[in-house]
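What follows is a single structure, written as structure tokens, with notes after it.
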Amino acid sequence: MDLQLQGRVALVTGSGRGLGRATVEALAAEGCRIVVTDIDADAVERTTQALAAAGHEAVGFKLDVCDAGSVAATVDGAIDVFGRVDILVNNAGFTRDKYLTKMPEEDWDSVVDTILKGAYHCTKAVLPSMIEHRWGRIVNISSRAHFGNPGQTNYSAAKAGLVGFTKALALEQGKYDITANAVAPGFIETELVRALPTFDRLKKAALERNTVPRLGTPQDVADAVCFLCSPRAGFITGELLHVTGGRYSS
Ligand SMILES: NC(=O)c1ccc[n+]([C@@H]2O[C@H](COP(=O)([O-])OP(=O)(O)OC[C@H]3O[C@@H](n4cnc5c(N)ncnc54)[C@H](O)[C@@H]3O)[C@@H](O)[C@H]2O)c1
């Protein structure tokens, strides 16, 4: 199926590595012009160069999604280069796990701010371009953790909040042919996840509970995101798509 993404301009937050990088690679392979953004400037450089070396159009910006000024400068820069932003993937996020009784306020704030306020800043900044062109696709990377994971009150709250944000945004922006959807990955085998001291235990639990008997890959998530970003998904909005191999709340 041709996803009809040729020439669309896609900005993905946290796309220096991991799922974000897999997503920009997949969108680029579908013909999108890519805005690589990440708080890690070296990762931005590496991903942008790799895309260019593969023959894709890509520009990179160091971006902190928590900083409204940094977001505004990035979106202005992307519009200077490509003229518009058609697609936003709010992907930047991380965990700071502890039971609530031991969770310092800074771990609550950093996780919730990056995931939720980051999505607020980035979405608000790209909407004028999308509204002007009467077309847009916003995909928010939630997590299976939106059901609630022990040790992740901060992360679960933020990822569940992102689902509510998505649904409200879909209701507000549908009239401009702007859709908003969320993707909830399960346990996906990335470099970072493989390096966790708990990797073997987490992998065993995932393999026992996934209906599809393997771990997810970054490509599994990127493929789902690409579809939701495409004109082919134009009648789907306000949805949450689980990419979990059939594992849900436990
Ligand atoms: N890997 C999984 O199993 C999994 C499962 C469910 C959801 N997710 C979600 O997918 C997203 C990507 O996860 P990943 O596994 O690729 O993680 P990752 O750590 O490999 O990549 C996240 C990227 O976000 C960047 N980032 C962090 N804070 C930022 C900020 N303030 N501004 C801009 N960039 C920032 C990091 O530098 C990093 O490059 C996250 O939102 C994560 O919660 C991952």
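The figures follow:
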item	result
Qualifying residue in segment 9-20 (condition: part of a helix (DSSP H, G or I) and surrounded by fewer than 24 Cβ atoms within 10 Å (Cβ to Cβ))	yes
Number of the condition not met by VAL243 [criteria: (1) touching a helix residue (DSSP H, G or I) at 6+ places or on another chain (Cβ under 9 Å); (2) open to solvent by 30 Å² or more (accessible area, probe 1.4 Å)]	(2)
Residue that is farthest from the ligand (Cβ to nearest atom) [pool: residues in segment 67-111 that are in a strand (DSSP E or B) and of a type in the set (Val, Ile, Thr)]	ILE87
Close pairs from segment 162-173: first under 16 Å from ARG137 (Cβ atoms), partner open to solvent by 50 Å² or more (accessible area, probe 1.4 Å), Cβ under 6 Å, at least 6 apart	ALA170/THR237
Check on THR48, more than 10 Å from the ligand (Cβ to nearest atom) and of a type in the set (S, T, N, Q)	yes
Residue that is at pLDDT 95 or above, hydroxyl-bearing (Ser, Thr, Tyr) and open to solvent by less than 10 Å² (accessible area, probe 1.4 Å), where the choices are THR153, THR166	THR166
Criterion (of a type in the set (Asp, Glu) and surrounded by 17 or more Cβ atoms within 10 Å (Cβ to Cβ)) met by exactly one of ASP107, ASP80, ASP76	ASP107
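Residues checked against (1) within 14 Å of the ligand (Cβ to nearest atom); (2) in contact with a Phe, Trp or Tyr (Cβ under 9 Å, 6 or more places away or on another chain):
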residue: ALA145; (1), (2): yes, yes
residue: SER156; (1), (2): yes, yes
residue: TYR176; (1), (2): no, yes
residue: VAL183; (1), (2): yes, no
residue: THR190; (1), (2): yes, no
residue: PHE199; (1), (2): yes, no
residue: LYS204; (1), (2): no, no
residue: ASP220; (1), (2): yes, no
residue: CYS226; (1), (2): no, no
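The values are calculated or read from the model by the stated rules, or taken from the named source; none is laboratory data. Keep in mind the model is a prediction, meaning the values are calculated, not measured. For neighbour counting, all protein chains shown are included, and Cβ atoms are generated from backbone atoms with ideal geometry for every residue, glycine included. Ligands, DNA and RNA are excluded from the accessible area calculation, which covers all protein heavy atoms including side chains. Shrake-Rupley method; radii C 1.70, N 1.55, O 1.52, S 1.80 Å.
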